[in-house]
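Asks: Sharing a structure, written as structure tokens. Questions coming.
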Amino acid sequence: MSENPEQAPDPKVLADNDETMRAVLTELGSMRSADAVQGHELYRYLKSPTVFEHTTSKGDVLAMKRISRRKHLTKGDMMHYAATHGVLAPRVRGVYEVLVRDLCLSRVMVIDRVPGMPLVDVWQNMTAADQAAVKDQLRVQLTRMRACAEPAIGRIGGKPTRNVYDGPLGKAFGPFADEEAFDSWCLARVRRIPLVRSIWKRLLASEREKRGGGGGDGDAGAGRFMLTHGDLTPRNIVVQGNVVRGIIDWELSGFFPEYAEYAFARMCHAHEEWWIPMLEELLPTCSKRRLGFTTLVEEGVTSGLQNVGTADPNHHSC
């Protein structure tokens, strides 16, 4: 068993070198690479179990995720940052490269297991009072997240983040110095029709000017990119009764303009009907124009004139 000091995160940030973690790593080292995490299965992706619950001999309940060695370790940095800034993100115990029994390296992230059930599974059976209590707690969490800022679009320390438009399989992208640079990258996904890109370039400049988000000297939006989960859906919010216990799955997290949390959440095509109105209660929304552009970038289509439109004057433009 070995922990690679060159590729593992800063131990002062991510590692707990206590007796509990030494025992967990000892158990990991006795496994085959195909079984580098064991315990009660919590999540399966593409028919392969990737997240397990594990209870240590001391009774600590952990979630252990087998992750690709090609992936960036900054997801752990983001979760640690959120958890230490008042956000109910799982506490990261460590990200380890473990030499397992068949002499293969397997990378494992160890985090505290968040107790409870996904909000999506219990919301419809909650009383109105319990639903209101959950909303109030989520407002607090999202306010704390928006209070966290970085000077560039990306992750902690100006590092790249995951391409939110391509979902969990997306490659890294960024960092972007300002919103204009981010918009330029997004425009490049609108392929083959220069007229569409030209129209959107002017419209986006107008959007940034209205919001003060261009990123130039003296710009109100400069250096104010907010902590963004990137996949804020009820399946990633864990509750016990009417108490919010955690926000999980920070795979797509980063620092983005204020509109991004709402716009990215709207990209999911499998939302429950009740979630969209709830998003509008909990988050600053954005203009229909900006939302249409976000959808266009996600689709990467060859024509986007149907999404140009004009902003609804009664719709708050973030």
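The values are calculated or read from the model by the stated rules, or taken from the named source; none is laboratory data. Fair warning: this is a prediction, and the values are worked out from it, not measured in the lab. With ideal geometry, Cβ positions are generated from the backbone for all residues, glycine too; neighbour counts draw on all protein chains shown.
Asks: Among the residues of the stretch 186-196, what is the count of those that are surrounded by fewer than 16 Cβ atoms within 10 Å (Cβ to Cβ) and either under 15 Å from residue 299 (Cβ atoms) or at pLDDT 90 or above (or both)?
Replies: Residues that pass the stated criteria total 4.
Asks: Oh, and also: So which residues in the stretch 264-318 are hydroxyl-bearing (Ser, Thr, Tyr) and either modelled with pLDDT of 90 or more or part of a helix (DSSP H, G or I) (or both), if there are any at all?
Replies: Selection gives 287, 294, 295.
Asks: Report yes if some residue within the stretch 133-144 is modelled with pLDDT of 95 or more, outside any loop (DSSP other than H, G, I, E, B) and among the hydroxyl-bearing types (Ser, Thr, Tyr); otherwise report no.
Replies: Yes - at least one qualifying residue is present in the stretch 133-144.
Asks: Give me the residue from the stretch 158-197 that is among the aromatic types (Phe, Trp, Tyr) and in contact (Cβ under 8 Å) with a residue 24 or more places away in the chain and, out of that set, farthest from residue 225 (Cα to Cα).
Replies: The selected residue is 165.
Asks: If you check residue 254 against the conditions, is it of a type in the set (Gly, Ala, Ser) and at pLDDT below 90?
Replies: No: the conditions fail for residue 254.
Asks: Same structure again: For residue 239, are the conditions met, namely being modelled with pLDDT of 90 or more, surrounded by 18 or more Cβ atoms within 10 Å (Cβ to Cβ), over 19 Å from residue 160 (Cα atoms) and of a type in the set (A, V, I, L, M, F, W, C)?
Replies: For residue 239, the condition - modelled with pLDDT of 90 or more, surrounded by 18 or more Cβ atoms within 10 Å (Cβ to Cβ), over 19 Å from residue 160 (Cα atoms) and of a type in the set (A, V, I, L, M, F, W, C) - is met.
Asks: Taking residue 190, is it over 17 Å from residue 251 (Cβ atoms) and outside any helix (DSSP H, G or I)?
Replies: So residue 190 passes the test.
Asks: Let me ask something additional. Any idea which residue in the stretch 197-227 is surrounded by the most Cβ atoms within 10 Å (Cβ to Cβ), counting only those that are of a type in the set (Asp, Glu) and modelled with pLDDT of 80 or more?
Replies: Checked the stretch 197-227; the qualifying residue surrounded by the most Cβ atoms within 10 Å (Cβ to Cβ) is 207.
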